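*Asks:* Pasting a structure here, questions to come.
Taken together, the values in this text are just the output of simple stated rules run on the coordinates, not laboratory data. Keep in mind that this is a model prediction, so the values were computed, not measured. Heads up, the Cβs are rebuilt from the backbone with ideal geometry, glycines too, and the neighbour counts pull from every protein chain shown.
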Amino acid sequence: MRVVRLVLLGLLAYLVTMVVLVFLYPAAPLIEPLKPKIKPVELTGVTGKLYSGKVSNAKYADDLLPLEFQDVTWKLAPAALLKGGAGADVTFAGYGGGGEAQVRRQWNGDINVSDVDFNVESKQLEVLLPAPVTEFSGKITGNFDKVAIVNQLLETISGQLIWNNAIVTTRIYGPEIKVGLGQFDINIEPQDDATHRITLLSKGGDLAIDGNVVLATNGDYNTNLLLSPAANASQELLQVLQRFTRPDGGGRYRVQHNGNINQGT
C-alpha cells in the first residue's frame, strides 16, 4: 500500500506541476529559449500564460515571402500532444485585416499550419514588392488548408486567394497604367515535394487572365498565361502587352516565360 500511495503522490505532483506550468506560468520565459528553434519565425512582445497568450509582433523572416503580423493570440490545443507535437489555435491581425489558423509543431521542429482563413486590403501588400512602382486596390480573402515549414523552409502550401474589385496601377513601363482585373482567383496546389502550381483566373475587368505559374522552392518559375484585353481596353495597356508577344487572331496574348524570382530573372 505504501508503494501505491507513493506512486499516486508522484502522479499527483506531476499533474499539479503541469497545471501550474500550462495555466499559471508566464509564457515569455518558456518561449525565449525556443526562439532559435522556430526560425524563420520571429516573435516579440510575448505576454500571457503558456495555455493562452498574445504576441505583439510575429514575423516570418524569409527572403522569398517575408510576412509580418500583429496582435497574434494563441490558445493551446491539447489534442496535438497525442499526435507527437504541440499546437495552438491562433488569431492574427495584419495588412489591413486579420484571420485565424491552427498551428502544429512536431518535435522534430517541422511546423504545419491548417484551416487558415483571412482577409487583407491589397493596398497593404505593396510593402512586399521589391520596388514601389506598383499599387493595388481591392480586398483579398484567402483560405489555406495546409502550410508546411520543414527544416525552417516553406515546403508546401495549398489554398486559394480571391481578390475582389482587383485593380493594379503600375509605372514599370513608363507612363502610369491602371488595369482593372475584376475578380481575380488564385489557386495554389503542390505538384510534388519541390514545385507548386499557381492557377490564375480573372474576369470582369479590363484584362482577363487565364493560365498558370509553376514555382519551385528554389525560386525557379515557368509562366504560361493567356491575356485577353476587353474591347474597351486602353491603348497604353495594349502597348504593354505587345512588349511581350504578338496577339493571336482573336486579339489574345500568350505569355510564356522562365526565370528565377530570387535572381530577378
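*Asks:* If you filter the range 104-194 for chymotrypsin sites (Phe, Trp or Tyr not before Pro), then keep DSSP loop positions with at most 10 other Cβ within 10 Å, what is left?
*Replies:* Details: sites: Trp107, Phe118, Phe136, Phe144, Trp163, Tyr173, Phe184; in loops: Trp107, Tyr173.
Those satisfying the criteria are Trp107.
*Asks:* Where in the range 171-239 are there trypsin sites (Lys or Arg not before Pro) that are in a DSSP coil and have at most 14 other Cβ atoms within 10 angstrom of their Cβ? Intermediate results must be reported in sequence, preceding the final value.
*Replies:* Details: sites: Arg171, Lys178, Arg197, Lys203; in loops: Arg171.
Sites meeting the loop and neighbour criteria: Arg171.
*Asks:* Let me ask you something else. Using only the Cα atoms of the range 35-148, construct the convex hull and provide its projected area averaged over every direction, in square nanometres to one decimal. Don't skip to the answer; put the middle values down first.
*Replies:* Values: hull surface 29.8 nm².
Averaged projected hull area, Cα only: 7.4 nm².
*Asks:* Once fully extended, how much extra length lies between Arg246 and Ser137, figured as 0.36 nm per residue of separation less the alpha-carbon to alpha-carbon distance? Numbers along the way, then the final one.
*Replies:* Values: separation 109, 0.36 × 109 = 39.24 nm, distance 2.87 nm.
Contour length minus the Cα-Cα distance gives 36.4 nm.
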